[in-house]
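Written below as structure tokens is the structure these notes are about.
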Amino acid sequence: MSENSTEPLMENPAAEKSGRAESIVLVNTGDGKGKSSAAFGVMIRGIARGWDVAVVQFVKSGNWNVGEEKIGRQLGVDWFNEGEGFTWNSEDLEHDKAVARKGWAQAQSLIEANEHQLIVLDELTYLINWGWIDPEPVYEAIRNRPPKVNIVVTGRDAPQELIDVADTVSEVRKVKHAFDEGILAKKGIDY
Ligand code: ATP
Ligand code: MG
């Protein structure tokens, strides 16, 4: 599969592949740092092309006030906070589940509305993996999306069915993480 990166490529590897998709589904998964950061990099690219962009942030709660939200809103992104924070801080998991279902309903209607060319569904995999939402409608909604709606999904342990509906799937592998040395998330770097 992978090309030998020690030699310069002398032929355009895309030469025989001239197809252009109307839209792409990206999944950023794995246990290393960079899944959401990469998604927000794509958000920036979409904005640069004049796209209407929406971001739905699951799990992370509205009062975290993450940097990406601040800048995203400034740049005109339609931003939806659909989380209640870490499960280990939760006092009522049933409430969190209800929030998750409402969040997915919001994401689903955004996809169907066909008003954005890019929709980022940040940390969506957790809702599936924890059994908080029914996964089949998620795969259906992505598979049957309006043709020009690009979608980025982030989160660890992407289920196989999600990988199957995606075009490009990247796994960020942890080589090291500061957290393991007891260093907490840092403003400007992690949020
Ligand atoms: P980022 O938003 O920095 O790109 P991410 O989306 O890849 O990170 P998440 O699992 O969403 O990773 O992580 C949420 C928070 O936990 C971030 O502050 C991130 O820096 C941190 N984090 C990411 N990977 C790890 C890890 N392997 N161990 C501990 N903390 C992590
Ligand atoms: Mg993330």
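The values are calculated or read from the model by the stated rules, or taken from the named source; none is laboratory data. Not measured: the values here are computed from a predicted model. As a convention, Cβ positions derive from the backbone with ideal geometry for all residues, glycine included, and neighbour counts pool all protein chains shown. Surface areas here come from the heavy atoms of the whole protein model, side chains and all, with no ligands, DNA or RNA. Shrake-Rupley method; radii C 1.70, N 1.55, O 1.52, S 1.80 Å.
What's the FRET efficiency of ALA105 with LYS176 using the Cβ-Cβ distance as r and R₀ = 35 Å, to the nearest 0.05? Provide the component values of the computation, followed by the final result.
Details: r = 38 Å, r/R0 = 1.09.
After rounding, the FRET efficiency stands at 0.35.
A simple spin-label model places pseudo-atoms 7 Å from Cα toward Cβ; at TRP51 and LEU75 they are separated by 1.1 nm. Amide H to amide H distances under 5 Å link GLY34 with no residue, where only residues 5 or more positions off or on other chains count and H is placed in the peptide plane.
Atom-type composition of the exposed protein surface of the chain places 49 percent of the accessible area on carbon and sulfur (1.4 angstrom probe). Heavy-atom accessible surface of the range 25-181, averaged per residue, reaches 53 Å², computed with a 1.4 Å probe. The antiparallel fraction among DSSP beta bridges confined to the chain stands at about 0%. The string of couplings for the range 179-191 from the Karplus curve (6.51, -1.76, 1.60, θ = phi - 60°) is 4, 5, 9, x, 8, 7, 3, 10, 4, x, 10, 9, 7 Hz, one whole number per residue in order, with x for Gly and Pro.
Between TYR139 and ILE189, what length comes free when the chain is fully extended (0.36 nm per residue of separation minus the Cα-Cα distance, one decimal in nm)?
14.8 nm
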